[in-house]
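K.L.:
If you scroll down you'll find the structure; I have some questions about it.
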Amino acid sequence: MNGLNMAAIYLVQTLGSLYLLIVLLRFILQLVRADFYNPLSQFIVRATQPLLTPLRKVIPGFAGIDFASLVLALLVQLILVAIIIKLMGYALPGVLQMIVWSLIGVTALFLKIFFFALIISVILSWVAPRSSNPAAMLVHQLCEPILAPIRKILPSLGGLDLSPIFAFIALRLLDMLLIANLAAATGMPAGLTLAL
C-alpha cells in the first residue's frame, strides 16, 4: 500500500467516521430521549435530516426507536467498509460479510460514544458540577440511562458516585469480549479493525 492510498484511507475514515458519529448520535439521542431543543441536538438533526427524510418514508420508527437513523448508520458504515477495503487493495467480500462487518463497526462506535461520554461526564462533575452548558447537559442526558441502573444496585457512599467506574468496566468488557472477538471470528482485515 503506497502513501497516497494510506492518506486516502485516513481521509475517508476521518470524514466518514465523523458523519457516522453524527448519525449514530441522532439515534442515541432519540433512544435516551434527550432534549431536542438543545443547540447541539438541533445541529445533529439538521446534519442528518437530508438523508433521513427519504429513509423515514420507507422505514418507520417503532416504540421510540428510530430505525431509519440506525439503518442510515449501517449504510454509511457499509460504504466506508467497501471504500476502505478497495483502497487497501483487497477484493470486496460477499455482501453478507460486509453487512456483518458494518454491524460490528456500528456497535463498536456505539460503545465508544458511551465510553467517551462517561469520561466527559466524570471530568465535568469535577470541574463544572452544575453546569448549564448545552454540551454538558447533553452529555448528562446521554450517560444517565447507563448510570441510573448501576446506582440502584450500588449502596450510597455519602455523595461519592462509583457508578461510572462500573459502567467503564462493563463497556470495556463488552468492547474486548464482543467487538474484538467478533472482528477476529468474521475474518475482518487488520487495517479495517483499526478503523473501529
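Nothing in this text is a laboratory measurement; each read-out follows from the coordinates by a stated rule. Quick caveat: nothing in here was measured; it's all calculated off a predicted structure. Cβ placement follows ideal geometry from the backbone for every residue including glycine, while neighbour counts extend to all protein chains displayed.
K.L.:
For residue 186 paired with residue 46, estimate the spin-label separation in nm (one decimal), with each label point 7 Å from Cα along the Cα-to-Cβ line.
P.N.:
About 3.5 nm separates the two model spin labels.
K.L.:
Hey, quick one: spin label on residue 132, modelled 7 Å out along Cα-Cβ, who in segment 36-51 has an amide N within reach, i.e. under 17 Å?
P.N.:
37-40
K.L.:
In square nanometres, what is the average projected area of the Cα convex hull of segment 3-193? Write out the running numbers ahead of the final one.
P.N.:
On the way: hull surface 52.1 nm².
Average projection, Cα convex hull of segment 3-193: 13.0 nm².
K.L.:
Using Cβ counts within 10 Å as a stand-in for footprinting exposure, how do 95, 76, 122 rank, fewest first?
P.N.:
Working: 95 10, 76 22, 122 15.
Sorted ascending by nearby Cβ count, the order is 95, 122, 76.
K.L.:
Shifting gears a bit: Okay, which of segment 158-182 sit inside 12 Å, backbone N to the point 7 Å along the Cα-Cβ direction of residue 122?
P.N.:
161-172
K.L.:
If a helix is a whole DSSP H run, which ones in the chain reach 20 Å or further along their own axis (Cα) and hold a mean Kyte-Doolittle hydropathy of at least -1.0? List each step's numbers first, then the result.
P.N.:
Numbers: long enough: 3-31 (41 Å, 1.67); 39-58 (28 Å, 0.29); 67-87 (30 Å, 2.72); 95-127 (47 Å, 2.27); 134-153 (29 Å, 0.77).
Taking the DSSP H segments of the chain (at least 20 Å long, mean hydropathy at least -1.0), we get 3-31, 39-58, 67-87, 95-127, 134-153.
K.L.:
Oh, and also: Mean separation of Cα pairs under 8 Å and 6+ residues apart, divided by the residue count of the chain: what relative contact order is that in percent?
P.N.:
Relative contact order of the chain: 24 percent.
K.L.:
So how far apart, in nm, are the two label points at residue 10 and residue 148 if each is 7 Å from Cα heading toward Cβ?
P.N.:
Here the modelled spin labels are 4.3 nm apart.
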